[in-house]
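First up is the structure itself, then whatever we jot down about it.
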Amino acid sequence: MDQSKTLEKARSYALRLLKVRLRSEKELAQRMKIKNYSSENIEKVISELKGYGMLNDLRFAIFFTFDEVKLKFKGPRYIRYKLKMFGVNDDDVSKALEDVMKEMDLKEVFSHFIRSHRSKTQREIKEMLIKRGFDSQTVHETLLAIYEDWRCDDESRTNARVDIRPDSHSGCDNGLPYGKNESVKRAEKGERKCK
C-alpha cells in the first residue's frame, strides 16, 4: 500500500477514535501504534489534528476531570494519577484540576454520593471519598456542611439516613486540624443555625 493511502487510513482511524471521545496525544498515539501505523504517520496525523484544534491535552484534561468528579465521584489525587497515565503534562494537569475544582460544587457532588450509598455509615462514606482521591479535610468539612444543611431542611433530614456528625460513630476521628469554618463549628456543637 502506498504512503498516501496509509496516511489516509491512519488519519481516518484517529478521527474515528476522537469521534467517540476526547483523547490525549499519548493515548491516541498508543492506539495508532497498536494498529501498526508507522511512527512517521502517527506524528503527521497528531500534528495535523493539533493544528486543527481537534487534539488538545488541556481540553482533554478539563473534560476528563469534570466527568470524573461529577459522574464518578473521583478526587484530585486519583485524577492527577490518571491524567499522568494518559501522558498529560504537569502544567495541564494542574490547570485542569484548578479550573474544575474551583467551579465544582462539592456539597452537591458529595450529597449525591451519600444518597447513592444510603446503607453506608458516616465513617464508610468518609473513607470511600478519601479512597477516591479527595483529601480528608475537604471531605470532613464538606460532609459536616451537608449535615448542617440537611438538619435545617425537614424533608431532606427525613430522606437522609446517614448521620455524618463526627461523634456519631465510636472511634471516628474528625480529622480537622485547625481553622474550622463557622458551619463546621456549629455542626460539631450540634447548634442549629438555619436560614
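A few points about this structure:
- Hey, LYS35 free of Cβ contacts under 8 Å to residues at least 60 places away in the same chain and within 22 Å of LYS19 (Cβ to Cβ) or not: yes
- Considering (1) closer than 20 Å to ASP91 by Cα; (2) crowded, with 16+ Cβ neighbours inside 10 Å, the lone condition that ASN41 does not fulfil carries the number (1).
- Single match in LEU49, LEU7 (criterion: modelled with pLDDT under 95 and surrounded by 13 or more Cβ atoms within 10 Å (Cβ to Cβ)): LEU7
- Among the residues of this structure, LYS74 counts as one that is within 11 Å of the chain's Cα centre (by Cα), outside any helix (DSSP H, G or I), in contact (Cβ under 8 Å) with a residue 12 or more places away in the chain and under 30 Å from GLU127 (Cβ atoms).
- Matching residues, segment 40-71, being in contact (Cβ under 8 Å) with a residue 12 or more places away in the chain and at positive phi: none
- Comparison of GLU127, GLU141 shows that the only residue that is surrounded by fewer than 19 Cβ atoms within 10 Å (Cβ to Cβ) and part of a helix (DSSP H, G or I) is GLU127.
- Within segment 69-86, the residues that satisfy the criterion of being surrounded by 15 or more Cβ atoms within 10 Å (Cβ to Cβ) and within 19 Å of GLU25 (Cα to Cα) are ILE79, ARG80, LYS82, LEU83, PHE86.
- Restricting segment 10-25 to residues that are surrounded by fewer than 15 Cβ atoms within 10 Å (Cβ to Cβ) and not hydrophobic (A, V, I, L, M, F, W, C), the residue that is farthest from LYS84 (Cα to Cα): SER12
The values are calculated or read from the model by the stated rules, or taken from the named source; none is laboratory data. Computed from a predicted model, the values in this text were never measured in an experiment. Glycine gets a Cβ as well: all are built from the backbone with ideal geometry, and neighbour counts include every protein chain shown.
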